[in-house]
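Read through the structure below, which is laid out as structure tokens, and then see the notes.
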Amino acid sequence: MTAASARLAAASLALAFPAAAAAQDAPPPDASAETQRVTVPTDGPTEEEGSRRWRYRVTLGPRVGGGFPGNDRMQLLPFFGLSRARGDEPYRFGGVGEGASIPLLRGKQVEVGPMFRFEGRRDRDDIGGGVNRVGRTVELGGFAQYWPRETIRLRADVRKGIGGHKGWVGSLAADRVWRDGDRWLVSLGPRAVISDGRRHDAFFGVDEATSLRTGLPRFDAKGGVESLGAQSRVVYAFDERWGVQGFVTYARLIGDAGSSPLIRRVDSQDQVTAGLGLTYTFSR
């Protein structure tokens, strides 16, 4: 090999080795782009879908109370409730005994819509016997409620009795509400019931036939304020599924309702209703 050939070979090797070293030191191709394109299928809903699913809370247990205005005996009755909320929104607050309310118009602070509730029946042998029977009543009407603050609710409703007492009745309520989402809730507030003469007369009046059967004086009950009272409600969640709910309602019959000879003879001006039930939450 001539000197010129040797120098050419050495230069070629010098150029080849740095290229090989650079190839060995270069990082491997970036696989993250390919990895990000891979979508792993799941059987459950996505986070976005889960945040919009409906949640339902069912309450079931016993309650004790009169069952109709003026009853002097406590009855064992079912305590049932159903609440619905979407995603992580807390359940809408409502008082016990307010019936089923459908908020067709809902704003940040105001809700308005139709509602209905049931009033229990009174038999002839109730409150001392010899009274007129009052059938079970379906009360249809409307409600409106206003939240002046996040912790204060004001509510009013008006209902017409279908069957039973066949009268008009309205309720007024105010509640102070303390809550931590759906983990726990405590409420307390006053209540008032106002009804017309037809409902008053059905439950508190004494007509001629009733007077003959019972020996009580005749009494024509006029409409007006029927009762004043208060209600407290407590809800506590043990976990995401199970919890407990309880309430106590007190009402004092006043006006013609409290002065009725039917109520006076059994001393049932004070009306108390209480209930306790388990709650179960599920979503779909």
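The values are calculated or read from the model by the stated rules, or taken from the named source; none is laboratory data. In this text, all values refer to a predicted model and were calculated from it rather than measured experimentally. Every residue, glycine among them, receives a Cβ derived from its backbone with ideal geometry; neighbour counts consider all protein chains shown.
Structure summary
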{"item": "Some residue of the stretch 119-126 being modelled with pLDDT of 95 or more, within 15 Å of the chain's Cα centre (by Cα) and in a strand (DSSP E or B)", "result": "no"}
{"item": "Condition met for THR39 (at pLDDT 50 or above, hydroxyl-bearing (Ser, Thr, Tyr), exposed (fewer than 12 other Cβ atoms within 10 Å of the Cβ) and farther than 24 Å from LEU154 by Cα)", "result": "no"}
{"item": "Conditions (1) touching a Pro at 6+ places or on another chain (Cβ under 6 Å); (2) modelled with pLDDT under 95: number failed by PHE219", "result": "(2)"}
{"item": "Verdict on PHE143 being under 27 Å from the mean Cα position of the chain (by Cα), free of Cβ contacts under 8 Å to residues at least 24 places away in the same chain and more than 14 Å from HIS200 (Cα to Cα)", "result": "no"}
{"item": "Test: residue in the stretch 208-227 that is hydrophobic (A, V, I, L, M, F, W, C), on the phi < 0 side of the Ramachandran plot and within 25 Å of the chain's Cα centre (by Cα)", "result": "no"}
{"item": "Residue check, GLY258 modelled with pLDDT of 95 or more and in contact with a Phe, Trp or Tyr (Cβ under 7 Å, 6 or more places away or on another chain)", "result": "no"}
{"item": "The listed residue being basic (Lys, Arg), farther than 19 Å from ASP72 by Cβ, surrounded by fewer than 17 Cβ atoms within 10 Å (Cβ to Cβ) and modelled with pLDDT of 95 or more, out of ARG265, ARG241", "result": "ARG241"}
{"item": "Lone unmet requirement of (1) loosely packed, with under 14 Cβ neighbours inside 10 Å; (2) in contact with a Lys or Arg (Cβ under 7 Å, 6 or more places away or on another chain) for SER227", "result": "(1)"}
{"item": "Complete set of residues in the stretch 173-190 that are of a type in the set (Gly, Ala, Ser), touching a residue at least 24 places away in the same chain (Cβ under 8 Å) and farther than 19 Å from SER83 by Cα", "result": "ALA173, GLY189"}
{"item": "Test: VAL193 is of a type in the set (A, V, I, L, M), exposed (fewer than 15 other Cβ atoms within 10 Å of the Cβ) and part of a strand (DSSP E or B)", "result": "no"}
{"item": "Filter pass, ARG84 being within 25 Å of ARG159 (Cβ to Cβ), basic (Lys, Arg) and either in a strand (DSSP E or B) or modelled with pLDDT of 95 or more (or both)", "result": "yes"}
{"item": "Residue selected from the stretch 80-110 under the condition farther than 27 Å from ALA274 by Cα and of a type in the set (Asp, Glu), by the criterion surrounded by the most Cβ atoms within 10 Å (Cβ to Cβ)", "result": "GLU89"}
{"item": "Qualifying position, being farther than 19 Å from GLY258 by Cβ and at pLDDT 95 or above, among ARG199, ARG183, ARG191", "result": "ARG183"}
{"item": "Filtered residues of the stretch 178-193 (kept if under 16 Å from GLU98 (Cα atoms) and among the aliphatic types (A, V, I, L, M))", "result": "LEU188, ALA192, VAL193"}
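Per-residue answers, yes or no, for (1) more than 25 Å from GLY87 (Cβ to Cβ); (2) out of contact with any strand residue (DSSP E or B) (no Cβ under 6 Å at 6 or more places or on another chain); (3) touching a residue at least 40 places away in the same chain (Cβ under 8 Å):
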{"site": "GLY164", "(1), (2), (3)": "yes, no, yes"}
{"site": "SER171", "(1), (2), (3)": "yes, no, yes"}
{"site": "ALA192", "(1), (2), (3)": "yes, no, no"}
{"site": "ARG199", "(1), (2), (3)": "yes, no, no"}
{"site": "PRO217", "(1), (2), (3)": "yes, yes, yes"}
